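The values are calculated or read from the model by the stated rules, or taken from the named source; none is laboratory data. All values derive from a computational prediction rather than experimental measurement. Note that we place each Cβ from the backbone using ideal geometry, even for glycine, and neighbour counts take in every protein chain shown.
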Amino acid sequence: MTRRSLIASASALAAAAADSAKKLPVKKGVLVSMLPKDLSIKDKFQLAKDSGFDAVEGQTVDDPAIEAEMAKASQATGVPIHSVMNMLHWQFPLSSSDSEAVDKSMAGMETSIRNAAAWGANTVLLVPGVVNAATGYADAYKRSQAQVRKLIPSAEKNKVVIAVENVWNKFLLSPMEFARYVDEFQSPWVKAYFDVGNIVLYGFPQDWIRTLGAARIAKVHLKDFRNRRNMVVRANVPEFVNLREGDIDWKEVHKAFQDIGYKGYMTVELSGGDAKYLKDVASRVDLIINGE
């Protein structure tokens, strides 16, 4: 081996080491609703795997037969279900003054926790409350916390984290308040499900990431967001777009996750599509993970 080839080899090794150090130590997930609806459950999981995803995020399932089929599909394909998205928290929020609505929401969470336990998932996503004309901010805060506390014993028994997500619910509007809301439970079974795209309308994802920190962030949702200026109506037109096509500074987001040492799942929450589309989405996630 010549001196030149030795130098080239050393440079290549150094570059590879640098790239490896830059890559976030995370796994890629895809929301089950993004997978083609005409496929069988097993084929959906296989497509997720073939498209480059490591895991699937499920949604609340009431039917025990479908719950069992999901578990079998996961086992057969080797694609884990890492999380469950609760599906009743918007229609029946825990912060409602209507006791029947709260009861339905609590039942939905118990079902979601049961799903998670059956599937081997370790988180259930929860939108904790909704502020609207009928529910004030303080009421949403107090009522939602009271109900979440009732769920902690079930979460602990099933080893499932209740992961509170930031959404457009006019609630938990700053990273400091979000951190305080989680901390006040004083429980390892309540954490944050951080959605990168949902923050862009009123904050900067990298700021929220650093404020919440790896100890609070259980899981991450990836989507992008853009504010377009419509000159016809002279107004900003907000819209969710494909990854790396919006206003998010993904390099800064990457750096923030690297700074806090996040090592969990990053799950795409976008429009659904076919195999070609899903492979493209997975490749976009790879670019984000690699800091490109």
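Among the residues of the stretch 149-169, how many are farther than 18 Å from Val220 by Cβ, of a type outside the set (Gly, Ala, Ser) and within 19 Å of the chain's Cα centre (by Cα)?
Residues of the stretch 149-169 that are farther than 18 Å from Val220 by Cβ, as a first pass: 149-159, 169.
Now drop any that are not of a type outside the set (Gly, Ala, Ser), which leaves 149-153, 156-159, 169.
Imposing the further condition that a residue be within 19 Å of the chain's Cα centre (by Cα) reduces the set to 159, 169.
Number satisfying all stated conditions: 2.
If you go through the stretch 139-155 one residue at a time, do you hit one that is among the charged types (D, E, K, R), part of a helix (DSSP H, G or I), without any contact (Cβ under 8 Å) to a residue 40 or more places away in the chain and surrounded by fewer than 20 Cβ atoms within 10 Å (Cβ to Cβ)?
Initially, the stretch 139-155 is screened for residues among the charged types (D, E, K, R), giving 139, 142-143, 149-150.
From the residues that got through so far, the ones that are part of a helix (DSSP H, G or I) too are 139, 142-143, 149-150.
Checking which are without any contact (Cβ under 8 Å) to a residue 40 or more places away in the chain leaves us with 142, 149.
Imposing the further condition that a residue be surrounded by fewer than 20 Cβ atoms within 10 Å (Cβ to Cβ) reduces the set to 142, 149.
Yes, there is a match, as at least one residue in the stretch 139-155 is among the charged types (D, E, K, R), part of a helix (DSSP H, G or I), without any contact (Cβ under 8 Å) to a residue 40 or more places away in the chain and surrounded by fewer than 20 Cβ atoms within 10 Å (Cβ to Cβ).
Out of (1) in a helix (DSSP H, G or I); (2) at pLDDT 95 or above, the odd one out for Leu243 is which?
Just one mismatch for Leu243, condition (1).
Which of the numbered conditions does Met106 fail, given that it passes all the others? Conditions: (1) under 19 Å from the mean Cα position of the chain (by Cα); (2) closer than 19 Å to Phe185 by Cα; (3) among the aliphatic types (A, V, I, L, M).
(1)
Within the stretch 163-180, how many residues turn out to be over 17 Å from Asn86 (Cβ atoms) and touching a helix residue (DSSP H, G or I) at 6+ places or on another chain (Cβ under 8 Å)?
Kept after step one, since they are over 17 Å from Asn86 (Cβ atoms), are these residues of the stretch 163-180: 170, 173-180.
Subset that is touching a helix residue (DSSP H, G or I) at 6+ places or on another chain (Cβ under 8 Å): 170, 175-176, 178-179.
Of the residues in that region, 5 qualify.
Quick one: which helices (runs of 4 or more DSSP H) sit completely within the stretch 30-138 and have at least 3 residues that are free of Cβ contacts under 8 Å to residues at least 40 places away in the same chain and either of a type in the set (Val, Ile, Thr) or more than 30 Å from Asn242 (Cβ to Cβ) (or both)?
Filter on the stretch 30-138 gives 64-77, 99-119.
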